[in-house]
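The values are calculated or read from the model by the stated rules, or taken from the named source; none is laboratory data. Predicted model only: the values in this text are computed from it and were never measured. Methodologically, a virtual Cβ is constructed for each residue, glycine included, from the backbone with ideal geometry; neighbour enumeration extends over all protein chains shown.
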């Protein structure tokens, strides 16, 4: 079964305090669901039409596990804490293995 990658980009952050509260809850929720953080932060370099915005890359055992993590009660609580504190784009993609 191919691994899956959860890719999140942050278009804007309007409430850094809400983002910090989200991070306190989201990190443990994602890890408890089997997620492994591979990269997070600001890009070292951007090319073409990319915007210089925060990004997060998380590896999961499968697409199903990534979706379960997102839909879990623990992660949903993190989203409540975030509220409208950030405008984000989240994608879950399957590896090409």
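Does any residue of the range 59-72 turn out to be part of a loop (DSSP other than H, G, I, E, B), in contact (Cβ under 8 Å) with a residue 12 or more places away in the chain and in contact with a helix residue (DSSP H, G or I) (Cβ under 8 Å, 6 or more places away or on another chain)? Walk me through it before giving the result.
Taking the range 59-72 first, the residues part of a loop (DSSP other than H, G, I, E, B) are 61-62, 72.
Applying the additional criterion that residues be in contact (Cβ under 8 Å) with a residue 12 or more places away in the chain yields 61-62, 72.
Keeping just the survivors that are in contact with a helix residue (DSSP H, G or I) (Cβ under 8 Å, 6 or more places away or on another chain) gives 72.
Yes - at least one qualifying residue is present in the range 59-72.
Among the residues of the range 34-49, are any loosely packed, with under 15 Cβ neighbours inside 10 Å and touching a residue at least 40 places away in the same chain (Cβ under 8 Å)? No, the conditions are met nowhere in the range 34-49. Restricting attention to the range 1-23, the residues being exposed (fewer than 12 other Cβ atoms within 10 Å of the Cβ) and closer than 16 Å to residue 78 by Cα number 2. Apart from one condition, residue 71 fits all of (1) out of contact with any strand residue (DSSP E or B) (no Cβ under 8 Å at 6 or more places or on another chain); (2) surrounded by fewer than 15 Cβ atoms within 10 Å (Cβ to Cβ); (3) more than 14 Å from residue 91 (Cα to Cα); the exception is (3). Of the candidates 96, 56, the single residue that is crowded, with 16+ Cβ neighbours inside 10 Å and either touching a strand residue (DSSP E or B) at 6+ places or on another chain (Cβ under 8 Å) or at pLDDT below 95 (or both) is 56. Sub-6 Å Cβ pairs linking a first residue in the range 75-88 that is part of a loop (DSSP other than H, G, I, E, B) to a second residue that is surrounded by 13 or more Cβ atoms within 10 Å (Cβ to Cβ), at least 6 apart or interchain, are 83/18; 85/15; 85/18; 85/19, ordered by first then second residue.
Go through the residues of the range 7-19 one by one and say whether even a single one is in a loop (DSSP other than H, G, I, E, B), closer than 27 Å to residue 97 by Cα and touching a strand residue (DSSP E or B) at 6+ places or on another chain (Cβ under 6 Å). Spell out the reasoning first.
Kept after step one, since they are in a loop (DSSP other than H, G, I, E, B), are these residues of the range 7-19: 14-15.
Right, trim to closer than 27 Å to residue 97 by Cα and you get none.
There is no residue in the range 7-19 that is in a loop (DSSP other than H, G, I, E, B), closer than 27 Å to residue 97 by Cα and touching a strand residue (DSSP E or B) at 6+ places or on another chain (Cβ under 6 Å).
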